[in-house]
């Protein structure tokens, strides 16, 4: 921090001579070492990273491991409720949780665009560090590359994650059975609209913050209490509708869902109506669906509602006998229609 | 959500549906003009609530679907020039021209931006004085006042880097074209509630008289559409042919005078080719000579003259018949087979409210069979 | 076509576009109110592509809803008067 007592986001060493990312920062030489030591190490702060080895070595308990990876290319980099950094941590943590695993270690690969302000990188890295602390994981290894100006949209991040599968958990679409209850952990659409709200040409205000958050705590609670969780899926791009269709196809089952049981908060509704978006297809980042036997619905919901991240958990439908892999929605009017996969990205419309 | 949820009330919808069922004694064919109404009917499954004797056909009220191929080719050409920032509504992004869509142009490096309002494009013109901002002015009369205002503002702020590629179309000429077509089976119309919010509905009265068809100006929520159908069915059963207004909370007979005055100041009627239908006289809008500086087709006419693009429609696409209510999307041989939202032959399959897209999305189909 | 949505006017400016803010259930957006000079703070307007195109006639809006409530009541009366006579008072 600077002597003047003001809060400086840049690192404590004077950086007057270099305020933006240059190609050399990815070159493996002195400049890159400087970047690692000044920006990444202090933020992520753990013994593995401090070794500056090619990889991290750690012991594991007996059992099964889960490995997952995801890349993050969100624009803009910062939005209400999060940024590309926190997204990159929570997204991978949640994917591990969806496999019934406790998240342990993450890697972080950065592709930076030449000209990116170092202050921006520092902000993102600080956010990742905080997210990692909140999720109880360590970022133990990483990589940095720099691409020419104009070839990178500022910053791309890839995170891979390793987790330990929790005792006795077998979570997969193939375990889904007709009659299973479909539980939704919370209201829809916050993340997608939070990102849109700061995009040029669509700006709006209102209490819409991304729902990006780690959900492994509630998953662990469900499994530790012996709830027979058949399948889990976090809702990301494509929203609830896409997640349900993917599982229906993988499990070769049908599903029926009640529109009026699906929670959507008021500002998200207003924004979706105005922009012509369907909340069932809007991206989320801290929401998941769980498939449990019907008999466990109440216990599962009670457990879920004990956690902040799933306070509004609700049963929204059930798995049916039909093997057409179709998801049928009962509308608020009581009529029925298919909830199909979208062919591309949902766009705001005027018609 | 106020003034929305009340019109999605289940028991009110059941009441309306029962009343319609009570009144209908013989088959009737009615057309909802507006794509937004088509979208609502399919999204809320309203046809499930209607008696079988009532046939709903979907009209050409999808400005996205009827924008001629030639205009889309011009849009794609403009979007491909480095100095241009091309602004469009999301609806137009994937509509194919004779070879490419704006989405393809964007993927190839064109600066194509989805905007919600013409005012967003105006803001871009101010913040990017070194670029040419071109707006795809698509839409019916509902949208024209917004573009008229954007042009007036551009003039007031002395912006020289803002222009419109005008594609506006007008509803009454399209309805007349449908009514006067030899094979026309449509016996009643649900007119477009937001178009009439702007224009009023006096201009529909001569149509009702000349062709002896009832016309009910209708809103877009489920209860609006059901009430509109109820009013239409009542007229049909009673042998009346008048213009009535269901959408009273937004539509007045004289319309929005501030909006129509603005439109008259900036635009004038022009001939327009409707994709899949052909040219309909005085069915489009163009900028008046006083605003020629904001007309992208004039401003860039030399460059556009060199545009590639045959302006030809795919011969297997039957969108024209669909748009006139003469063919249901599911009756088209290409539907779901050669023509899908990922690889559309024409516009109605890719427009968010095109009849073909609505059927495809909400009804689904497996192995080519439609449920 | 013409996706237009009702929202409540929160504030009104005095620029050439009469730019105000309109709330759609808590999502607040800048909207030009130049086409609805009669709209005041607290009124509901119908908004299309960033412009209010009409002020909601709230009395007329109520009438539709009341109409169906009346029909629902009539339906219930007819249903109960058509019940079989088994000594049970409707």
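The values are calculated or read from the model by the stated rules, or taken from the named source; none is laboratory data. Since the model is a prediction, treat every value here as computed from it, not as a measurement. So basically every Cβ, Gly included, is an ideal-geometry build from the backbone, and we count neighbours across all protein chains shown.
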Filtering the range A:129-145 down to residues that are assigned to a helix (DSSP H, G or I) and in contact with a strand residue (DSSP E or B) (Cβ under 7 Å, 6 or more places away or on another chain) yields A:132, A:135
What about residue A:263, is it more than 10 Å from chain B (Cβ to nearest Cβ) and at pLDDT below 95? no
Considering every residue within the range B:158-174, establish whether at least one is within 20 Å of residue B:65 (Cα to Cα), surrounded by fewer than 20 Cβ atoms within 10 Å (Cβ to Cβ) and without any contact (Cβ under 8 Å) to a residue 60 or more places away in the chain. yes
Selection from the range C:1-19 of residues touching a residue at least 40 places away in the same chain (Cβ under 8 Å) and in a loop (DSSP other than H, G, I, E, B) yields C:2, C:3, C:4
Which numbered condition residue B:104 fails, given (1) within 12 Å of another protein chain (Cβ to nearest Cβ); (2) under 25 Å from the mean Cα position of the chain (by Cα): (1)
How many residues, within the range A:277-290, are part of a loop (DSSP other than H, G, I, E, B) and touching a strand residue (DSSP E or B) at 6+ places or on another chain (Cβ under 9 Å)? 4
Matching residues, the range B:331-353, being within 14 Å of chain A (Cβ to nearest Cβ) and outside any loop (DSSP other than H, G, I, E, B): B:339
Could you tell me whether the range B:100-117 includes any residue that is outside any loop (DSSP other than H, G, I, E, B), closer than 20 Å to residue C:53 by Cα and free of Cβ contacts under 8 Å to residues at least 60 places away in the same chain? no
Scanning the range A:295-341 for residues that are part of a loop (DSSP other than H, G, I, E, B) and in contact with a helix residue (DSSP H, G or I) (Cβ under 6 Å, 6 or more places away or on another chain) gives A:307, A:313, A:325, A:331, A:332, A:333, A:334, A:335, A:339, A:340, A:341
Within 14 Å of another protein chain (Cβ to nearest Cβ), out of contact with any strand residue (DSSP E or B) (no Cβ under 7 Å at 6 or more places or on another chain) and under 20 Å from residue B:246 (Cβ atoms), is that true of residue B:193? no
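Among what's in the range B:261-280 and is at pLDDT below 95 and in contact with a helix residue (DSSP H, G or I) (Cβ under 7 Å, 6 or more places away or on another chain), pick the residue that is surrounded by the most Cβ atoms within 10 Å (Cβ to Cβ).
If we filter the range B:261-280 for residues that are at pLDDT below 95, which is where we start, we get B:271-280.
After this cut, where a residue has to be in contact with a helix residue (DSSP H, G or I) (Cβ under 7 Å, 6 or more places away or on another chain) as well, the list is B:274-277, B:280.
Working: B:274: 23, B:275: 25, B:276: 22, B:277: 21, B:280: 20.
In this case the residue turns out to be B:275.
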Just one of (1) within 14 Å of chain B (Cβ to nearest Cβ); (2) touching a strand residue (DSSP E or B) at 6+ places or on another chain (Cβ under 8 Å); (3) buried (at least 23 other Cβ atoms within 10 Å of the Cβ) trips up residue A:330, so point out which. (3)
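Let's see how each residue does on (1) part of a loop (DSSP other than H, G, I, E, B); (2) away from every other protein chain (no Cβ under 14 Å); (3) free of Cβ contacts under 8 Å to residues at least 24 places away in the same chain:
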residue: B:29; (1), (2), (3): no, yes, no
residue: B:37; (1), (2), (3): no, no, no
residue: B:41; (1), (2), (3): no, no, no
residue: B:47; (1), (2), (3): no, no, yes
residue: B:51; (1), (2), (3): yes, yes, no
residue: B:55; (1), (2), (3): no, yes, no
residue: B:59; (1), (2), (3): no, no, no
residue: B:74; (1), (2), (3): no, yes, no
residue: B:77; (1), (2), (3): no, yes, no
Note on the range B:241-260: residues in contact with a helix residue (DSSP H, G or I) (Cβ under 7 Å, 6 or more places away or on another chain) and not in a loop (DSSP other than H, G, I, E, B) are B:243, B:244, B:259, B:260
Consider the range A:299-327. How many of its residues are within 14 Å of chain B (Cβ to nearest Cβ) and either buried (at least 19 other Cβ atoms within 10 Å of the Cβ) or within 25 Å of the chain's Cα centre (by Cα) (or both)? 2
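Sort out which residues of the range B:121-138 are crowded, with 22+ Cβ neighbours inside 10 Å, outside any loop (DSSP other than H, G, I, E, B) and within 14 Å of chain C (Cβ to nearest Cβ), and write them in order of number. Write out each step before concluding.
Step one: of the range B:121-138, the residues crowded, with 22+ Cβ neighbours inside 10 Å are B:121-122, B:125, B:133-138.
Adding the requirement that they be outside any loop (DSSP other than H, G, I, E, B) leaves B:121-122, B:125, B:133-137.
Hits for the range B:121-138 are B:121, B:122, B:135, B:136, B:137.
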Do any residues in the range A:243-266 that are closer than 29 Å to residue C:26 by Cα have Cβ atoms under 6 Å from those of residues that are in a helix (DSSP H, G or I), where the two are at least six apart or on different chains, and which pairs are they? A:264/A:279
Return the residues of the range B:176-186 that are in a loop (DSSP other than H, G, I, E, B) and in contact with a helix residue (DSSP H, G or I) (Cβ under 7 Å, 6 or more places away or on another chain); say none if nothing qualifies. B:184, B:186
Tell me which residues, restricted to the range B:139-175, are away from chain C (no Cβ under 13 Å), in contact with a strand residue (DSSP E or B) (Cβ under 8 Å, 6 or more places away or on another chain) and not in a loop (DSSP other than H, G, I, E, B). B:162, B:163, B:164, B:165, B:166, B:173, B:175
Residue by residue through the range A:170-223, note down the ones that are surrounded by fewer than 21 Cβ atoms within 10 Å (Cβ to Cβ), on the phi > 0 side of the Ramachandran plot and within 14 Å of chain C (Cβ to nearest Cβ). A:201
Could you grab me the full set of residues in the range A:80-93 that are over 19 Å from residue A:38 (Cβ atoms) and either touching a helix residue (DSSP H, G or I) at 6+ places or on another chain (Cβ under 7 Å) or not in a helix (DSSP H, G or I) (or both)? A:80, A:81, A:82, A:83, A:84, A:86, A:88, A:89, A:90, A:93
Being buried (at least 24 other Cβ atoms within 10 Å of the Cβ), within 10 Å of another protein chain (Cβ to nearest Cβ) and in a loop (DSSP other than H, G, I, E, B) narrows C:45, C:36, C:31, C:22 down to just C:36
Scanning the range C:53-71 for residues that are facing another protein chain (nearest Cβ under 7 Å), more than 14 Å from residue B:224 (Cα to Cα) and either in contact with a helix residue (DSSP H, G or I) (Cβ under 7 Å, 6 or more places away or on another chain) or without any contact (Cβ under 8 Å) to a residue 40 or more places away in the chain (or both) gives C:53, C:54, C:57, C:71
